[in-house]
Amino acid sequence: MFCPNCGTQNADGAKFCSGCGNTLTPDVNAAPVQPQAPYAAPAQPVAPITAMPPQKTNVLCIVGLITSLASIIFLGTTSLISLILSVIGLINAGKKNERGKGQAIAGIIISSVLLVAILCGVIFGLSDLNRSRRRYDDLPRRTTEDEDYTERTTRETTERTTRETTTEEATRETTRETTEETEKATSETSASESKTGLYMTSVGNTKTGTVPLTSGKWIEFREAGGFSSEVVEHQQAEDISTRSIIGLFVLKTDRDPEEIGKAQMASMDQAGAKNITGARVKIGGYNAVQCYGTYPDGVILVCWYFRGDDGLVRKITVEFPSNNTYAFKMVEDGYKLDR
C-alpha cells in the first residue's frame, strides 16, 4: 500500500510508513497514491555550434622548406637563406596560430645539416692547405745525400774528367755561334774548293782510322779551340751543306773507354741535351762504348770510344741535324782501323 502522507509504497499489512513513520490505515475505497516523480531542473536553451574558420598556412614555412631542398641540389649554397626563412616562418606561425610549423622545422633541420657540412669542408680544406704549405716549406733542398748512386757516380766522373770534354763542348758552342764574317769566309773557301774539285772523299789516317765520305760536300774542319793533352792525333771534316761534322781522335790515357763515355754523357747533360743514352756496340770490328744525345738546337751528337791494339784509345764523333742522318750511317758502316 502507499502512505497517504508521503506516498511511499509499503508492504501490504504494514502499520507504519517506512518513509515518514505515519500510521497506515488500510482504506479499500481510497485511490492509490501515485509516486512523486523526482525533481528535474528546467532545461536550458543550447547555443548553436558554429564552424571554426580553417587555419592558414604560413607562406615562409613553405618557402623555407623548398629553399632548403634546393640547397641540396646546389651543394648548400642557399642553406643560410633557407635557415633564416624557416626560423622566421616558425616564429610567425606560432604567433598567428598558423599551420606549417612541421615544414619550418624540416627546413631548419636540412639547412643546419648542410651548413655544418659546408663548415666542416671549409675547416678540413684549410687544414689540408696548411699541411700542404708546411710540406712545401719543409721540403729539403737537394743535397749530396739525396742523390742516387748513378748521379753521384756521374758527378764524380765529371770531376775527374780532364779539359778534353770541356774544351770540346766549348768548341761546339763556339761553332754554333759563329759570326757572319766567319760564315762568309767559310762560304768563300767552300766555293773556291768546289770550283777546283777539292772536296774530301775520306777523312782520317792509319792512326785515327778512316771513314769514306760517300755523300755530301766535305771539307777539312778546323777547331776554333785547342785539344787536351790526351789528344795525340786528330782528323776532322765538315759537310758544307748540312753542317755535319765527323771527328776522329787518338787519345793517350789510362782511363777506361767506359769511364770516358760516362763523362761524355755527364757533359751532354750539363749542356742541356735530352734523350742521353749509352750502349756497348761494335764499330770497325772493335768492341766500343757508344753514347749519344739530342741538343736543344736539334743537333745529335754520337760518340764511340774503344782501345785499339796499340793500347791507345780511339774516339769517334759525328754531329748531324736530326732530320739528316746520312753522316751517322757513313761513320757507323764505313769506319775502319787496320789492325
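Assorted remarks:
- Filtered trypsin sites (Lys or Arg not before Pro), region 249-311: DSSP coil and at most 12 other beta carbons within 10 Å: Lys252
- Within the accessible area of region 245-324 (1.4 Å probe), percent carbon and sulfur: 46
- Neighbour-limited loop hits for chymotrypsin sites (Phe, Trp or Tyr not before Pro), region 255-339 (at most 10 other Cβ within 10 Å; DSSP other than H, G, I, E, B): none
- Segment Asn130-Asp310, extension gain: residue separation times 0.36 nm, minus the distance between their alpha carbons: 58.2 nm
The values are calculated or read from the model by the stated rules, or taken from the named source; none is laboratory data. Worth saying up front: this structure is predicted, and the values here are computed from it rather than measured. Here the Cβ is made from the backbone with ideal geometry for all residues, glycine too, and neighbour counts use every protein chain on show. Accessible surface is based on the protein model in full, side chains and every heavy atom, while ligands, DNA and RNA are left aside. Shrake-Rupley method; radii C 1.70, N 1.55, O 1.52, S 1.80 Å.
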